[in-house]
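J.: Provided herewith is a single structure, encoded as structure tokens, for subsequent inquiry.
The values are calculated or read from the model by the stated rules, or taken from the named source; none is laboratory data. In this text the structure is predicted, and so the values were computed from the model without any measurement. Here the Cβ positions follow ideal geometry from the backbone for every residue, glycine too, while neighbour counts run over all protein chains shown. Heavy atoms of the whole protein, side chains included, go into the accessibility calculation; ligands, DNA and RNA do not. Shrake-Rupley method; radii C 1.70, N 1.55, O 1.52, S 1.80 Å.
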Amino acid sequence: MNGFITESVSKISDGIINTIKLILFYALTSLLIVPIEHYFQRPGILIYIFLLLATAGFELQRTIMARTSEPRRAWHGMAAGLFFGR
């Protein structure tokens, strides 16, 4: 029973931590649009979008690397989806 509880707590905490990270990344990318547009107007937004696409491509490339562990590859896949979706 002790192993079941330990494993369950580990799975729940890993899920919650990753969810919080993704929410924070989403909030950060959403909130950065306003100051970038205010200071740099449209060219700044265009550069910001290209940076997000480059980051998403990098994260997607990290998901197909066979040397990394499955949880890390899953995290990179979720981050790539978040950045591509922005």
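J.: Would you tell me the accessible area of Ser69, worked out with a 1.4 angstrom probe on the heavy atoms of the protein chains, in Å² to the nearest 10?
T.: 60
J.: Report the label-to-label distance for Asp14 and Tyr26 in nanometres (one decimal), using points 7 Å from each Cα along the Cα→Cβ vector.
T.: 2.2
J.: Going from the alpha-carbon gyration tensor of region 1-50, what semi-axes, largest first and in whole Å, does one get by taking the root of 5 times each eigenvalue? Please list the in-between numbers first.
T.: Values: eigenvalues 337, 13, 3 Å².
Result for region 1-50: semi-axes of 41, 8, 4 Å.
J.: Ordering Tyr39, Tyr26 by accessible area with a probe of 1.4 Å, largest first, what comes out?
T.: Reading off the accessible areas and sorting them downward yields Tyr39, Tyr26.
J.: Could I ask something else about it? Are there any trypsin sites (Lys or Arg not before Pro) in region 13-83 that are in a DSSP loop and have at most 11 other Cβ atoms within 10 Å? List them by number. Could you put the intermediate results ahead of the total?
T.: Details: sites: Lys21, Arg62, Arg67, Arg72, Arg73; in loops: Arg67.
Qualifying residues, ordered by number: Arg67.
J.: Counting helices only, and only those DSSP H runs with n ≥ 4, report the 222 nm mean residue ellipticity of the chain as the sum of -39,500 (n - 2.57) divided by its residues, in deg cm²/dmol to the nearest 500.
T.: Details: 3 runs with 77 residues, N = 86.
After summing the helix terms and dividing by the residues of the chain, the value is -32000 deg cm²/dmol.
J.: Still on this structure, please answer the following. Name the shape class, rounded, prolate or oblate, that the alpha-carbon gyration tensor gives for the chain, where a ≥ b ≥ c are the square roots of its eigenvalues, rounded holds for a/c under 1.5, and otherwise prolate holds if a/b is larger than b/c and oblate otherwise. Each step should come with its number before you reach the end.
T.: Working: a/c = 5.72, a/b = 1.96, b/c = 2.91.
Taking the square roots of the gyration eigenvalues as a ≥ b ≥ c, the chain is oblate.
J.: For region 30-86, with every protein chain kept in place, what is the accessible area per residue (1.4 Å probe, Å²)?
T.: Values: 4170 Å² over 57 residues.
On a per-residue basis, 73 Å².
J.: Let me ask another. Kindly state, to the nearest 0.05, the FRET efficiency for Leu60 paired with Thr6, given R0 = 25 Å and r defined as their beta-carbon distance.
T.: Working: r = 33 Å, r/R0 = 1.33.
The pair Leu60/Thr6 has a calculated efficiency of 0.15.
J.: Can you pull the percent of the chain's accessible area that's carbon plus sulfur, 1.4 Å probe, other chains left in place? Intermediate results must be reported in sequence, preceding the final value.
T.: Working: 4650 of 6570 Å².
The value for the chain is 71 percent carbon and sulfur by accessible area.
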